[in-house]
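The values are calculated or read from the model by the stated rules, or taken from the named source; none is laboratory data. Remember, it's a predicted structure, so these values are computed and weren't measured experimentally. Note that we place each Cβ from the backbone using ideal geometry, even for glycine, and neighbour counts take in every protein chain shown.
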Amino acid sequence: MRGTRTHAEHAVRGLRESRGTRNEEVVPVSGNIFDKALGRATLFRNKEHLRHNHQPTTLPHRDREIEQLTFNLVEALNGQIPSNMILYGVTGAGKTAVTSFVCNQLVEKGRQIDRDVFAITVNCRQIDTQYRVLTHLGNSMLEAHEVDEIPFTGWPTDRVLGELVKRMEKRAGVYIIVLDEIDHLVRKAGDDLLYNLTNLNSSLKAARCCVIGISNDLKFTDFLDPRVRSRLGQQDVVFNPYDADQLRDILVQRSSSALHPEALEDGVIGLCAALAAQEHGDARCALDLLRVSAEKAEHEGTNTVEIRHVRTAQSQIEADQITPVVRSLPTQQKLVLSAVLLTERSGARGVQTGEVYDVYDQACHHVGKAPLTARRVSMLISNLDMLGLITARTVSRGRYGRTKEIHSSLPPNVDAAAIIQASEPDLEPIFTSKYRHQSRL
Ligand SMILES: Nc1ncnc2c1ncn2[C@@H]1O[C@H](COP(=O)(O)OP(=O)(O)O)[C@@H](O)[C@H]1O
Ligand SMILES: [Mg+2]
């Protein structure tokens, strides 16, 4: 995509330039501007296979987890109710991929041996209220010819639940309800949904239901009522983060169908795996690194993905992650971050809280905002530290007390000043005004 777009841009720019310099009729470009981009050799066999939502047919290093799910869910094929489950693990540990793999196999087997087994997955980060989850479940049980949608607002919860039960009973069979990223919904809206869904079997006769909750947060059950906790957590499965060797195997497997066999220089997969293992063993992060590295190589027109492409990909991905964080900071946080940047820009390294406050105070003045107290600013500094935008280390200055030594930790390819100005034009004067800088003690 990126490569194609850039080619098109080049072609258009070329066209404009030829118009400007020769000052004559536009010479039509021979052929279509996409011809060259289309005809270019590609390193990818199937780029989709490196994307997150691609469902691989084998999941290395998840045999134990697959086995645990299978062992429990096989009950559905026997017409029994499988235990409810909670799956935990950091992001990118393969929870969603494993669950959808197992559920697909289950439904397929059900079809083969003529058992009614249904699996419905709801992503509770996107569908994040009890009402919406229930309507989603109810509406996904409609056959194509039925049009009685449950409305997206307006009904009391009891009525939606009643309708859900009615529809399940009508079709009968065993329902596996997967609530992915359930920690998100529970934190936002409480555990009523889980209470109601784990209680459904008491209203069901012909149908059966089992709930699988998937959480990125290991402490998520702290938010649950003990009754819900015990009903949902009949079986817990913990997905440990992948280590570098495991990530390497995953990348080898995914890249075998995604890239041409000769496309990768030695060490590329190892480096992507090592970098992702350093983060927190996130397979998604490893896949992103490999995909973006290959895109970089392809864009450059080289025959293989090289180590340096991984490095470039890493810094691009990092910048893409940080940019929205800076953009969405509240105004006062932007002012404090700007003050750190301005103090560093003046040549100071390892600046102290007092110096940052001094520049912050002037910056507020330049943009007509009331400055906060030094104490509040110190808290905002800690917050920026937590977000990973700066590092603030407490140092002792002997009898002068303690202060913080502050460094920006933004990667060099992130222009925070530009992001701040673009997101809040009112703050532009911060970067164009003059400052008095404190003399160092
Ligand atoms: N063992 C594995 N083998 C192949 N791909 C994997 C494996 N584990 C995770 N993935 C892939 O990594 C990405 C992230 O996994 P996902 O299941 O979404 O993680 P989680 O749900 O735990 O955050 C997905 O593209 C998934 O297909
Ligand atoms: Mg997931």
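Here's the yes/no breakdown for (1) acidic (Asp, Glu); (2) farther than 22 Å from residue 96 by Cβ; (3) within 16 Å of ligand 1 (Cβ to nearest atom); (4) not assigned by TED's automatic domain parsing to the domain that holds residue 178:
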{"residue": "196", "(1), (2), (3), (4)": "no, yes, no, no"}
{"residue": "201", "(1), (2), (3), (4)": "no, yes, no, no"}
{"residue": "211", "(1), (2), (3), (4)": "no, no, no, no"}
{"residue": "215", "(1), (2), (3), (4)": "no, no, yes, no"}
{"residue": "218", "(1), (2), (3), (4)": "no, no, yes, no"}
{"residue": "223", "(1), (2), (3), (4)": "no, no, no, no"}
{"residue": "234", "(1), (2), (3), (4)": "no, no, no, no"}
{"residue": "252", "(1), (2), (3), (4)": "no, no, yes, yes"}
{"residue": "255", "(1), (2), (3), (4)": "no, no, yes, yes"}
For segment 89-108, name all the residues that are hydroxyl-bearing (Ser, Thr, Tyr) and modelled with pLDDT under 95. 91
Residue 185: among the aliphatic types (A, V, I, L, M) and away from ligand 2 (no atom under 16 Å from the Cβ), yes or no? no
In segment 295-349, what count of residues is obtained for those that are farther than 18 Å from residue 405 by Cα, of a type in the set (Asp, Glu) and touching a residue at least 24 places away in the same chain (Cβ under 8 Å)? 4
Does any residue in segment 73-92 that is closer than 17 Å to residue 235 by Cβ and not assigned by TED's automatic domain parsing to the domain that holds residue 119 come within less than 9 Å, Cβ to Cβ, of a residue that is at pLDDT below 95 and within 9 Å of ligand 1 (Cβ to nearest atom) six or more places away or on a different chain, and which pairs are these? none
Segment 43-63 - residue that is within 18 Å of the chain's Cα centre (by Cα) and within 16 Å of ligand 2 (Cβ to nearest atom) and, of those, farthest from residue 97 (Cα to Cα): 51
Any residue in segment 242-268 that's on the phi > 0 side of the Ramachandran plot: show its pairings with residues that are at pLDDT 90 or above and surrounded by fewer than 22 Cβ atoms within 10 Å (Cβ to Cβ) at Cβ separation under 7 Å, as long as the two are six or more apart or on different chains. 267/307
Scanning segment 152-187 for residues that are charged (D, E, K, R) and surrounded by fewer than 17 Cβ atoms within 10 Å (Cβ to Cβ), the one nearest to residue 120 (Cα to Cα) turns out to be 171
Could you grab me the full set of residues in segment 96-125 that are part of a helix (DSSP H, G or I), within 16 Å of ligand 2 (Cβ to nearest atom) and of a type in the set (Gly, Ala, Ser)? 97, 100
Per the filter on segment 92-119, residues among the basic types (Lys, Arg) and under 23 Å from the mean Cα position of the chain (by Cα) are 95
Taking into account only those residues within segment 38-95 that are of a type in the set (Val, Ile, Thr) and in a loop (DSSP other than H, G, I, E, B), which is nearest to ligand 1 (Cβ to nearest atom)? 91
